[in-house]
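Worksheet: the structure to be examined is printed underneath.
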Amino acid sequence: MALPPYATTGQRVWFWTFRAICVAIIFFLIMPILVVIPLSFNAQNFFTFTPEMLRFEPGAYSLRHYQDFFTNPDWQAALWNSVRIAPVATLVAVVLGTLAAVGLSQSHVPFRGTIMAILISPMIVPLIISAAGMYFFYSRLGLQGSYWGVVLAHAVLGIPFVIITVTATLVGFDKSLVRAAANMGAGPVRTFFKVQMPLILPGVISGALFAFITSFDEVVVVLFVGSASQKTLPWQMFIGLREQISPTILAVATILVAISVALLTTLELLRRRSEKLRGMSPG
């Protein structure tokens, strides 16, 4: 957006000051991530740029840390645990979160605000408190240290994201379509899958992606609820920083950044599709 020719001096100063502030914020947010990427190709076991890297010498760059990640049994076991846990936790979060969002969208449900606040509380309560509470609760149920204990804990953390994204999608949903389907003889289940689900699908998928990222990147809860056999990728990275100081962490971090960028791109495409379905975008 350009300044109009009749803008005052104060408006011009604020125009460029505001943009400088935005650039500075983006710089401090993005630079720590961008620095990790070239460091992951360091041929030495250092966490800093070597003089050879700064001179862009080919011998200073290597894929050795990526090779270590794909060949080291500890890293592969952690990756396998994350791959086993995150999709199942996402599925549980999507099913429960979508049902909760659809239910809370009904005007006749009492105490909707209170119920919504309770369901999204895992996003607000400090994670260390949630992790400690899950540890004592799951210990009583015999789930502490088990695979399903970690899955359920991660699902609890992912459900708020599903509820929020699906609820936002339901804001523009035409409820007369549900009544029309009921008049045509369709039951509630058939109406949901044939009428509601296709229209709210972008919100469901967006919530699923957020839930997956939450589970895949989470480390605090799994330290409390999981055991050594459930050591996930973030847990292994935490160990690498605390005990081994392994540069392989940089390679793993770069891979996770690439995955996050792919997921964010998918979210943006889904957002645009949702706006088109709701008639909010002319494109």
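Annotations for the structure displayed:
- Scanning the stretch 115-141 for residues that are farther than 19 Å from Val88 by Cβ and free of Cβ contacts under 8 Å to residues at least 60 places away in the same chain yields a count of 17.
- Restricting attention to the stretch 220-275, the residues that are polar (S, T, N, Q), outside any loop (DSSP other than H, G, I, E, B) and either surrounded by 14 or more Cβ atoms within 10 Å (Cβ to Cβ) or in contact with a Lys or Arg (Cβ under 7 Å, 6 or more places away or on another chain) (or both) add up to 6.
- Here Ser82 meets each of (1) within 30 Å of Tyr147 (Cβ to Cβ); (2) free of Cβ contacts under 8 Å to residues at least 12 places away in the same chain with one exception, condition (2).
- Of all residues in the stretch 142-179, those that are without any contact (Cβ under 8 Å) to a residue 24 or more places away in the chain, closer than 15 Å to Leu199 by Cα and hydrophobic (A, V, I, L, M, F, W, C) total 3.
- Hits in the stretch 76-134 (condition: among the hydroxyl-bearing types (Ser, Thr, Tyr) and closer than 13 Å to Phe212 by Cα): Ser82, Thr90
- Search result, residues across the stretch 9-30 that are exposed (fewer than 10 other Cβ atoms within 10 Å of the Cβ) and either more than 31 Å from the chain's Cα centre (by Cα) or closer than 23 Å to Ile245 by Cβ (or both): Thr9, Gly10
- Ala43 vs. criteria among the small types (Gly, Ala, Ser), surrounded by 12 or more Cβ atoms within 10 Å (Cβ to Cβ) and over 30 Å from Gly203 (Cα atoms): yes
- When Ala132, Ala155 are checked against the criterion of being hydrophobic (A, V, I, L, M, F, W, C), assigned to a helix (DSSP H, G or I), under 15 Å from the mean Cα position of the chain (by Cα) and over 17 Å from Ile200 (Cβ atoms), a single residue qualifies: Ala155.
- Within the stretch 1-45, the set of residues being more than 29 Å from Val252 (Cβ to Cβ), of a type in the set (Ser, Thr, Tyr) and either modelled with pLDDT of 85 or more or not in a helix (DSSP H, G or I) (or both) comprises Tyr6, Thr8, Thr17.
- For the stretch 217-264, the set of residues classified as under 17 Å from Trp75 (Cβ atoms), modelled with pLDDT of 80 or more and acidic (Asp, Glu) consists of Asp217 only.
- Qualifying position, being loosely packed, with under 14 Cβ neighbours inside 10 Å, more than 17 Å from the chain's Cα centre (by Cα) and assigned to a helix (DSSP H, G or I), among Ala77, Ala117, Ala100: Ala117
- The set of residues from the stretch 171-216 being among the aromatic types (Phe, Trp, Tyr) and at pLDDT 85 or above comprises Phe210, Phe212, Phe216.
- Qualifying residues in the stretch 46-74 (those that are of a type in the set (Phe, Trp, Tyr), in a helix (DSSP H, G or I) and touching a residue at least 24 places away in the same chain (Cβ under 8 Å)) - the one surrounded by the most Cβ atoms within 10 Å (Cβ to Cβ): Phe69
The values are calculated or read from the model by the stated rules, or taken from the named source; none is laboratory data. Nothing here was measured: the structure is a model prediction, and the numbers come from that model. For neighbour counting, all protein chains shown are included, and Cβ atoms are generated from backbone atoms with ideal geometry for every residue, glycine included.
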